[in-house]
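A.B. asks: Here you go, one structure.
The values are calculated or read from the model by the stated rules, or taken from the named source; none is laboratory data. This structure is a prediction, so every number in the text was calculated from the model and none was measured. Because the Cβ atoms are built from the backbone with ideal geometry, glycine has one as well, and the counts that use them run over all protein chains shown.
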């Protein structure tokens, strides 16, 4: 089973008998001097192999200092464009993009481990549209699978504000399918979490596609082939009513799966949590800002930035609504918390350096 560890607590050598076996201090891993660039070296007493402190991290075999790479990634996570970071820090855009891709790949691995068993108590899902590559049909460009208008759907846990899953697609149905597929590989393998959404998109269809089951054949008539929703699902739609000028008139509640009264009591009557997190996304990511000339140039970078932004939001940026009053005395009135802390995934606020120096182990066990 995959887990998280720090470089220097295990041997990364595939042929070592103690491969990826985490040991406390004084175990088989010892410090073994420094490289010419000043990086700490380690040695495994079991296989006699050596490795540096950057092995398995995004800083491995890079000439730029950790501090410089972290500053560039932090600027992007806080909303700066790659072109802006390039001008400020003096690095080529291609170089920063390469760091970003490596950081996103690393982040997704860490995210998969942290959320592998996380279960959403009450979820809200919504889709957010943006442009990739071009402005699509708005500017008379052809729509493709990787360019034009792209939807991103987000599932958020209402009780912790944790961004629990994300998905991309050409419409909200496709992106919602990706969200539920991600949840199915994590803590919701059998059924979707209790969910509330607005009236847009094909979320009901996405639920059935991912979690639905084809009924058993009874021996009479045509053999069933369509997936059907299963008992116990909870899904509420909050449909906003507007007049012909777009003015808000009120909401209509629809119980898609489950009893309306029970759904309202449990899930509430709004989608404010996920709408607020989408506002945060558009505020802190220039590629998502509406009514501007900014947009992602390629789908890969669009997804990479989303991965880093989500983990920055979940692990690093404290939320005022989640803070707890300090009962231990001292000068601090509040104890700050992140969504990951509120969800019980960690006990402290992470730093960007901690995120990118924490490595995933236990994924591979071959000795070839």
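A.B. asks: Scan region 72-91 for residues that are more than 21 Å from residue 295 (Cβ to Cβ) and outside any helix (DSSP H, G or I) and jot them down.
C.D. replies: Those that are more than 21 Å from residue 295 (Cβ to Cβ) and outside any helix (DSSP H, G or I): 90, 91.
A.B. asks: Output yes when any residue across region 347-368 is over 25 Å from residue 60 (Cβ atoms) and assigned to a helix (DSSP H, G or I), and no when none is.
C.D. replies: Taking every residue of region 347-368 in turn, none turns out to be over 25 Å from residue 60 (Cβ atoms) and assigned to a helix (DSSP H, G or I).
A.B. asks: Of all residues in region 115-129, how many are surrounded by fewer than 20 Cβ atoms within 10 Å (Cβ to Cβ) and either at positive phi or not in a loop (DSSP other than H, G, I, E, B) (or both)?
C.D. replies: Within region 115-129, residues that are surrounded by fewer than 20 Cβ atoms within 10 Å (Cβ to Cβ) and either at positive phi or not in a loop (DSSP other than H, G, I, E, B) (or both) number 1.
A.B. asks: Ok, one more. Based on this model, can you work out whether residue 80 counts as surrounded by 16 or more Cβ atoms within 10 Å (Cβ to Cβ) and modelled with pLDDT under 95?
C.D. replies: Working: surrounded by 16 or more Cβ atoms within 10 Å (Cβ to Cβ): yes; modelled with pLDDT under 95: yes.
Here the answer is yes, as residue 80 does meet what is asked.
A.B. asks: Sticking with this structure for a sec: Quick check on residue 108: is it surrounded by fewer than 20 Cβ atoms within 10 Å (Cβ to Cβ), modelled with pLDDT under 95, over 16 Å from residue 342 (Cα atoms) and touching a helix residue (DSSP H, G or I) at 6+ places or on another chain (Cβ under 7 Å)?
C.D. replies: no
A.B. asks: From the list 58, 69, which residue is in a helix (DSSP H, G or I), in contact (Cβ under 8 Å) with a residue 24 or more places away in the chain and either under 27 Å from the mean Cα position of the chain (by Cα) or surrounded by fewer than 16 Cβ atoms within 10 Å (Cβ to Cβ) (or both)?
C.D. replies: Numbers: 58 fails: in a helix (DSSP H, G or I).
None of the others qualify; the one that does is 69.
A.B. asks: Residue 178 fails exactly one of the following numbered conditions: (1) more than 22 Å from residue 346 (Cα to Cα); (2) in contact with a helix residue (DSSP H, G or I) (Cβ under 7 Å, 6 or more places away or on another chain); (3) modelled with pLDDT of 95 or more. What is the number of that condition?
C.D. replies: With respect to (1) more than 22 Å from residue 346 (Cα to Cα); (2) in contact with a helix residue (DSSP H, G or I) (Cβ under 7 Å, 6 or more places away or on another chain); (3) modelled with pLDDT of 95 or more, residue 178 is out only on (2).
A.B. asks: Search region 1-52 for residues being touching a helix residue (DSSP H, G or I) at 6+ places or on another chain (Cβ under 8 Å) and part of a loop (DSSP other than H, G, I, E, B), and hand back the single one that is modelled with the lowest pLDDT. It would help to see each step written out before you state the result.
C.D. replies: Quick first cut of region 1-52, residues touching a helix residue (DSSP H, G or I) at 6+ places or on another chain (Cβ under 8 Å) only: 2-4, 6-7.
When the remaining residues are screened for being part of a loop (DSSP other than H, G, I, E, B), the result is 2, 7.
Details: 2: 80, 7: 92.
For region 1-52, the residue satisfying everything is 2.
A.B. asks: Go through region 142-175 and give me each residue that's farther than 20 Å from residue 313 by Cβ, free of Cβ contacts under 8 Å to residues at least 60 places away in the same chain and either in a strand (DSSP E or B) or touching a helix residue (DSSP H, G or I) at 6+ places or on another chain (Cβ under 9 Å) (or both).
C.D. replies: 142, 143, 144, 145, 148, 149, 169, 172, 173, 174 - these are the residues of region 142-175 that are farther than 20 Å from residue 313 by Cβ, free of Cβ contacts under 8 Å to residues at least 60 places away in the same chain and either in a strand (DSSP E or B) or touching a helix residue (DSSP H, G or I) at 6+ places or on another chain (Cβ under 9 Å) (or both).
A.B. asks: How do the strands (runs of 3 or more DSSP E) wholly within region 185-302 filter down when requiring 1 or more residues that are over 16 Å from residue 166 (Cα atoms), at pLDDT 95 or above and under 29 Å from the mean Cα position of the chain (by Cα): which remain?
C.D. replies: Numbers: elements: 195-198, 235-242, 248-257.
Once the strands (runs of 3 or more DSSP E) in region 185-302 are filtered for at least 1 residues that are over 16 Å from residue 166 (Cα atoms), at pLDDT 95 or above and under 29 Å from the mean Cα position of the chain (by Cα), what remains is 235-242, 248-257.
A.B. asks: If the Cβ limit is 6 Å and pairs must be 6+ apart or interchain, which residue in region 282-297 that is surrounded by fewer than 18 Cβ atoms within 10 Å (Cβ to Cβ) pairs with which residue that is assigned to a loop (DSSP other than H, G, I, E, B)?
C.D. replies: The qualifying pairs are 282/289.
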